[in-house]
Amino acid sequence: MLKTPDQSWQKIIDRCFEHGQGHVFRFWDELNDGQRKSLIEQLSRINWLQMEELIQRALNPAKKIEHTLEPAPVISIKERATYDARAIPIGEEALRAGKVGVCLVAGGQGSRLGFEGPKGCFPITPVKNKTLFQLHAEKIKAMSLKYGVDLPWYIMTSQTNHQPTIDFFEKHDYFNLGKDNVFFFNQEMIPAVDHRGKFLLVEKHKIFESPNGHGGVLKALYDSGAIEDMKARGIQYLFYFQVDNVLVKMCDPAFIGYHILQKAQMSNKVVRKVRPEERVGVICKIDGKIGVVEYSDLDEEHMYARDKNGDLLFWAGSIAIHVIDVPFIEEENKNGFKLPFHIAHKSIPYLNEQGELVIPEAKNGYKFETFIFDALLDASRVCTIEVDRSREFSAVKNKEGFESPQTAREDMMRNYARWLEACGVKVPRRDGLPVYPIEISPLFALDEQELKQNLKKIPEIDGPIYLD
């Protein structure tokens with residue numbers, strides 16, 4: 001029996017040994033009381049029944065099930081030219097009635113960008129270097145002012161960045177949204193295991209855990225009380241997006257309108273894949289039900305399949321923007337969280353027998369995560385609309401090259417230049433990119449239509465320009 005200052009810990013310790021994870025206490029005698037308490041608290045949160053099932057799946061993978069895949073119905077950009085006029089007023093009515101909330105997934109760190117801290121704190125805009133959080137906050141504020149409501153903002157963080165994120169919002173006075181309108185909630189963490197199914201220590205008093213995937217947002221919204229908050233506010237529809245998309249069209253009235261018109265429980269935005277191998281999930285029919293197949297699971301036959309016109313058959317790339325009915329989120333949780341876990345073979349840091357941290361180059365274990373798009377398979381009705389990638393999707397994922405801060409800033413500037421030119425303003429360009437940095441605050445205009453209303457405030461562009 002381990003020496004413990006608190007006998008109430010013994011049940012948790014015994015449970016670890018019963019499940020073959022007693023090795024996590026091998027440095028116990030070197031720990032102080034605070035470190036021991038921290039380890040016990042971490043272990044007390046483990047769902048052992050779930051972990052045993054996941055470990056067995058990781059160590060004994062089932063034979064891959066073959067599914068029948070077909071293209072999913074999508075309201076194309078061409079079709080939207082006809083139907084948007086009907087959808088937009090319906091979406092706007094829902095916004096004015098206070099039926100829409102905003103949900104942001106922001107649990108990541110900026111380490112891949114060479115930045116210390118929450119990814120949402122990364123400076124990104126072309127002229128003022130506003131952070132991702134500020135950019136999204138100003139869009140929400142602009143939409144709130146436009147429709148005469150306070151759009152509540154639900155932000156999912158991780159254990160790593162929860163407090164730094166709150167501190168950042170406190171420092172910036174919640175970007176004038178009002179503290180009561182911003183709801184932070186924490187993503188659940190789940191232990192990873194090595195090739196023997198054993199937990200990995202990353203510190204002498206801490207096992208390695210990773211977030212339970214973006215699908216975990218549905219569980220975290222339910223567990224945190226956010227759903228109850230939405231119901232108290234009369235929120236029926238949740239607009240969901242991820243922190244690194246700088247071009248997200250916040251609470252798009254057309255998208256919300258289509259969702260309502262189609263009586264959907266969950267809706268998607270998609271873009272046309274630029275090439276068959278593009279690393280995006282594809283929305284399609286899976287055994288007759290609409291869902292998403294990850295790019296890594298799409299075989300070559302379907303990846304390269306063409307229709308009679310020579311166009312990609314499976315072209316609808318998911319960009320992780322959804323509208324979700326609040327009652328549907330409740331259904332996904334009421335009898336236990338429904339989403340399946342996916343097993344990812346990864347390189348995971350660990351302490352060796354000498355207590356030294358090892359950063360392996362080879363894959364040495366398994367992480368477990370859920371994907372929000374798996375909820376589509378549970379929805380009775382799904383709506384999918386196509387959007388223009390250049391206007392609505394530009395992600396910040398890499399330090400350099402593709403989907404980097406540089407490409408995101410360039411995409412923002414091209415978008416702003418397009419708005420200005422639609423208003424008759426001449427924008428000097430070189431190789432398609434504006435010669436001078438351009439930035440338009442969402443509080444000045446959210447699109448070219450709003451920009452036209454402020455035409456008299458736009459100066460000649462003969463240098464860097466910021467419109468606020």
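The values are calculated or read from the model by the stated rules, or taken from the named source; none is laboratory data. None of these values were measured; they are calculated from a predicted model. Note: ideal-geometry Cβ built from the backbone for every residue, glycine included; neighbour counts use all protein chains shown. With ligands, DNA and RNA removed, areas are computed over all heavy atoms of the protein, side chains included. Shrake-Rupley method; radii C 1.70, N 1.55, O 1.52, S 1.80 Å.
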Probe 1.4 Å, heavy atoms of protein chains only: per residue, the accessible area of segment 1-79 in Å² is 66
Projected onto the charge dipole of segment 304-437 (unit charges on the beta-carbon of Lys, Arg, Asp and Glu, signs +1, +1, -1, -1), the Cα from Gly336, Val323, Gly432 with the largest positive-side position is that of Gly432
Taking r as the C-beta separation of Ala362 and Lys452 and R0 as 51 Å, the FRET efficiency to the nearest 0.05 is 0.35
Site Glu460, offset 7 angstrom along Cα→Cβ, radius 14 Å on amide nitrogen, limited to segment 402-443, gives 425-428
Taking only Cα atoms of segment 153-262, the Rg to Rh ratio with Kirkwood Rh works out at 1.05
Reviewing (i) 22.4, 72; (ii) 24.0, 79; (iii) 30.8, 110, the figure for Rg and Dmax of the Cα atoms in Å actually calculated from this model sits under (ii)
Among Lys64/Lys308; Lys139/Lys179; Lys128/Lys426; Lys338/Lys367, the pairs whose Cα-Cα distance exceeds 25 Å are Lys64/Lys308
Restricted to the chain, the DSSP antiparallel beta bridge percent, nearest 5, is 60
Taking 158-169, 454-465, 307-318 and ranking on average Cβ neighbours within 10 Å, highest first, one gets 158-169, 307-318, 454-465
Heavy-atom accessible area of the chain with neighbours in place, 1.4 angstrom probe: carbon+sulfur share in percent works out to 47
Computed about the Cα centre, the charge dipole of the chain from +1 Lys/Arg and -1 Asp/Glu charges at the Cβ has a magnitude in debye, to the nearest 20, of 600
Per the helix-only model, the chain has a calculated mean residue ellipticity at 222 nm (DSSP H runs of ≥4, -39500 (n - 2.57) each, divided over all residues, rounded to the nearest 500) of -9000 deg cm²/dmol
Taking R0 as 41 Å and r as the Cβ-Cβ distance between Thr82 and Leu145, the FRET efficiency 1/(1 + (r/R0)^6), rounded to the nearest 0.05, comes to 0.85
With the 8 Å Cα cutoff and a minimum separation of six or more residues, the chain has a relative contact order in percent of 19
The computed P(r) of segment 238-291 puts the percent of Cα pairs beyond 19 Å at 43
Residue separation between Phe115 and Arg26 times 0.36 nm, minus their alpha-carbon distance, gives in nm 28.6 nm
Computed for segment 217-360: size of charge dipole around the Cα centre, +1 on C-beta of each Lys and Arg, -1 on C-beta of each Asp and Glu, debye to nearest 20, value 600
quick note, segment 110-262, DSSP beta bridge pairs, % antiparallel (nearest 5) is 60
Output row, site Lys334, 7 Å Cα→C-beta label point, backbone N cut-off 19 Å, window segment 253-283, residues 264-266
For segment 359-468 the mean separation of alpha carbon contacts under 8 Å (6+ apart) over residue count, i.e. relative contact order in percent, is 18
Quick note, segment 267-365: a/c under 1.5 would make it rounded; otherwise a/b > b/c is prolate and the rest oblate (a ≥ b ≥ c, C-alpha gyration tensor); here it is oblate
